[in-house]
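Only one structure is covered here, and it is reproduced in the block below.
The values are calculated or read from the model by the stated rules, or taken from the named source; none is laboratory data. Just so you know, these numbers come straight off a predicted model, no measurement behind them. Please note: Cβ atoms are built from the backbone with ideal geometry, for glycine as well, and neighbour counts cover all protein chains shown. The protein model used for the area step is the full one, side chains on, heavy atoms only, and it has no ligands, DNA or RNA in it. Shrake-Rupley method; radii C 1.70, N 1.55, O 1.52, S 1.80 Å.
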Amino acid sequence: MAINVNQVYKSVLVVLQQEKRGVLTPTEFNKIATQAQQEIFTEYFDELNQLLRQPQTSLAYADRYALLDEKISLFKRNETVNFNLGTTVVNVPANVQELGTVIYNNREVQRIQEYEVYTTNQSPLTKPTEFYPVYKYENQKLTLYPDTLTGTGVTLNFLKYPSDPKWGFTIDTNLGNYIYNEQASTNFELHQSDQPLLIDKILGYAGVMTRDQLALSLGTQKEQQIDVDGQK
C-alpha cells in the first residue's frame, strides 16, 4: 500500500519540465516530500475529528470514516519493550506519535498523571498491585507502579510517525546525472489513494500551482471576501 517514492519524483519532474520550472534536485525533493507527507498525516486527525461529529453512512464504499481508519491503520504498531535494568521504567520508542494501550502480563495498565502518583500509591483503595498496575508517561519514558513488578517489560500499542521518504541515488560518473537507487530509498508510508494529493502538495512547494490548488486558493479568497463584506 506504500506510495513509491520514485513514481512520485518522476511525476513531479514531468510537471516541472512542462511548466519550465527547472529541476528539483533529489535533496530538495526529499526535504519537500517529508514536509508534504507530514502535512497529510496530520490532516488525517483533523478530518477524523470532523467526521466523528457527523452522521455516518452505511454505504460500504462511501464510508469516509472507514477509509480514514484504513489510512491511519497503516501507522498502528505494537512493540514489546523491556524494563530498564533494575527498574519498572521503559524507554518509549522515538517514533511514537500517540501512545495507545499499555499491556503488562496480558492486562491493560491504567494511566495516571504525575500529580496523582503520590496519592495513588498511598491510598489503600487505589494503591497499585501486580494485578492492577498503573503507569505515568512523560519525557519519552513510561514508569509502572508498583516498583516491585516481577515482569520483564510491557507491550505498547501506538501510532507511529511516518518515516521520512527518501529518493536515494548514485551519480553517473560519465554524464553526472542522478540514477535512482532503490536500495538506498525509502517509500512514502501514506495510503495509495493519497498519491495525487501528495504530488499536488510537492508541486505547490516547488512553485507550481495545480488546478486543484488554484481552485482552493480562489475558494478561500472568495470566503474571505464574503466574511469581509458581511462585516461592513
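Within 30 Å of GLY176 (Cβ to Cβ) and surrounded by 12 or more Cβ atoms within 10 Å (Cβ to Cβ): does that describe PRO26? Taking the combined requirement at face value, the residue satisfies it.
When region 136-158 is filtered for residues that are aromatic (Phe, Trp, Tyr) and open to solvent by 20 Å² or more (accessible area, probe 1.4 Å), the ones remaining, listed by number, are TYR137, TYR145. Just one of (1) touching a residue at least 60 places away in the same chain (Cβ under 8 Å); (2) over 30 Å from LEU144 (Cβ atoms); (3) of a type in the set (Phe, Trp, Tyr) fails for PHE83. It is (2).
Per the conditions (1) within 20 Å of the chain's Cα centre (by Cα); (2) without any contact (Cβ under 8 Å) to a residue 24 or more places away in the chain; (3) farther than 22 Å from GLY86 by Cβ, the sole criterion not satisfied by ASN139 is (3). Checking each residue in region 186-209 for being closer than 22 Å to LEU68 by Cα, assigned to a helix (DSSP H, G or I) and open to solvent by less than 50 Å² (accessible area, probe 1.4 Å) picks out ASP194, GLN195, LEU198, ILE199, ASP200, LYS201, ILE202. Go through the residues of region 79-90 one by one and say whether even a single one is under 25 Å from the mean Cα position of the chain (by Cα) and surrounded by fewer than 13 Cβ atoms within 10 Å (Cβ to Cβ). Checking region 79-90: at least one residue is under 25 Å from the mean Cα position of the chain (by Cα) and surrounded by fewer than 13 Cβ atoms within 10 Å (Cβ to Cβ). Would you check if THR87 is over 21 Å from LYS160 (Cβ atoms) and of a type in the set (Ser, Thr, Tyr)? When the stated conditions are applied, THR87 passes them.
Residue-level analysis places LEU99 among those that are closer than 30 Å to LEU198 by Cβ and either in contact (Cβ under 8 Å) with a residue 60 or more places away in the chain or not small (Gly, Ala, Ser) (or both). Whether a residue is within 23 Å of THR25 (Cα to Cα) and surrounded by fewer than 16 Cβ atoms within 10 Å (Cβ to Cβ) was assessed, and ASN174 passes this test. Go through the residues of region 54-64 one by one and say whether even a single one is without any contact (Cβ under 8 Å) to a residue 60 or more places away in the chain and surrounded by 15 or more Cβ atoms within 10 Å (Cβ to Cβ). Yes - at least one qualifying residue is present in region 54-64.
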